[in-house]
Amino acid sequence: MSMYHDGNRELQDAFGSRALADRLEDKLKRDRFTPDDAAFIQSVGFFFLATADAQGRPDCSFKGGPPGFVRVAAPDQLVFPDYDGNGMFKSLGNIAVNAHVGILFIAMGDAPKRLRVNGRAQIVRDDPAMADVPGAQLLVRVTPEAIFPNCPRYIPNLSLMEASPYLPKAAEPPLEPKWKSFEMFAGVVPPRRR
């Protein structure tokens, strides 16, 4: 199945890029992770997750963790944890009603790189693998339908100065964000699940 629809094709034709788009799809798109894909994904400390609700209304979320928090469990499976957050469950709630996801992995250092993964996600609540992921309250498994690199030319050269102090760590109690103690949230912040 082509990764392009009528809207893509109309713009490709208007800008004369249909042949290029077809070549990119033919040469770069795949539905299995390569060892290089896995190494890149497992080296990054964040990604962007696009989801949509049952009516197709989009949402995009930043997901962060220590390098290796996202892993390629098999050539056709990506796994990442859900950590304690603001309790809105926008992304995971969307996945519960519409499994289609888009993921963008990006490196912004001396060697900029982007990798897109489009596929279908599933929320996993009671997986023994959660015990190996400090801070995980759920796992998300993604079966890729289209994996493809993306041109890195507009990625700025930003360096990570310091990891977030809120990243879950094995055998350490989690650091709670200040906003959870604000008066406006008194009585509504649920206890953190262990």
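The values are calculated or read from the model by the stated rules, or taken from the named source; none is laboratory data. Since this is a predicted model, take the numbers as computed values, not measurements. Don't worry about glycine lacking a Cβ; one is built from the backbone with ideal geometry, like all the others, and counts go over all protein chains shown.
Side notes on the structure shown:
- Restricting the range 95-144 to residues that are among the hydrophobic types (A, V, I, L, M, F, W, C) and part of a loop (DSSP other than H, G, I, E, B), the residue that is surrounded by the fewest Cβ atoms within 10 Å (Cβ to Cβ) is Ala111.
- In the range 1-27, the residues that are under 15 Å from Pro149 (Cβ atoms) reach residues that are of a type in the set (D, E, K, R) with C-beta atoms within less than 8 angstrom, at least six apart or across chains, in these pairs: Met3/Glu25; Met3/Lys29.
- Taken over the range 132-159, the criterion of being modelled with pLDDT under 90 and closer than 21 Å to Asp36 by Cβ is satisfied by Asn150, Cys151, Pro152, Arg153, Ile155.
- Boolean, Gly119 is out of contact with any Ser or Thr (no Cβ under 8 Å at 6 or more places or on another chain), closer than 18 Å to Phe48 by Cβ and at pLDDT 95 or above: no
- If only residues of the range 20-42 that are of a type outside the set (D, E, K, R) and modelled with pLDDT under 95 are counted, the one that is nearest to Gln77 (Cα to Cα) is Leu28.
- Test: residue in the range 26-34 that is more than 30 Å from Tyr83 (Cβ to Cβ), exposed (fewer than 14 other Cβ atoms within 10 Å of the Cβ) and over 23 Å from the mean Cα position of the chain (by Cα): yes
- Residue count, the range 156-186 (criterion: assigned to a helix (DSSP H, G or I) and surrounded by fewer than 10 Cβ atoms within 10 Å (Cβ to Cβ)): 3
- Test: residue in the range 81-94 that is surrounded by 15 or more Cβ atoms within 10 Å (Cβ to Cβ) and assigned to a strand (DSSP E or B): yes
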